[in-house]
């Protein structure tokens, strides 16, 4: 059984905010670990993205939603500690 997380372990987005309710595993079940933006059918949507590219991507998204720049750095600070990036 997959461990359940509050936030996507790739981008850090709160899973409860995922409009699709989470990414999907190869068998079509919902991922308890990754959001629908990062993970579909058991694969990462951006398999070759680096942790720094992910941080920038998330910062840009947060700015689109109206978050001030200093807060985007605060929210993306923990991305490198998420499961997807831990052993990179």
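In segment 8-30, which residues are buried (at least 18 other Cβ atoms within 10 Å of the Cβ) and either within 10 Å of the chain's Cα centre (by Cα) or closer than 18 Å to residue 79 by Cα (or both)?
Those that are buried (at least 18 other Cβ atoms within 10 Å of the Cβ) and either within 10 Å of the chain's Cα centre (by Cα) or closer than 18 Å to residue 79 by Cα (or both): 8, 9, 10, 11, 12, 13, 15, 18, 22, 23.
Just for segment 34-45: of the residues that are within 9 Å of the chain's Cα centre (by Cα) and touching a residue at least 24 places away in the same chain (Cβ under 8 Å), which one is surrounded by the most Cβ atoms within 10 Å (Cβ to Cβ)?
Ranking the qualifying residues of segment 34-45, first place goes to 34.
Where a number appears in this text, it was derived from the coordinates with a stated rule and is not lab data. Note that the structure is predicted; figures quoted are calculated from it, not measured. We place every Cβ from the backbone using ideal geometry, glycine too, and count neighbours over all the protein chains shown.
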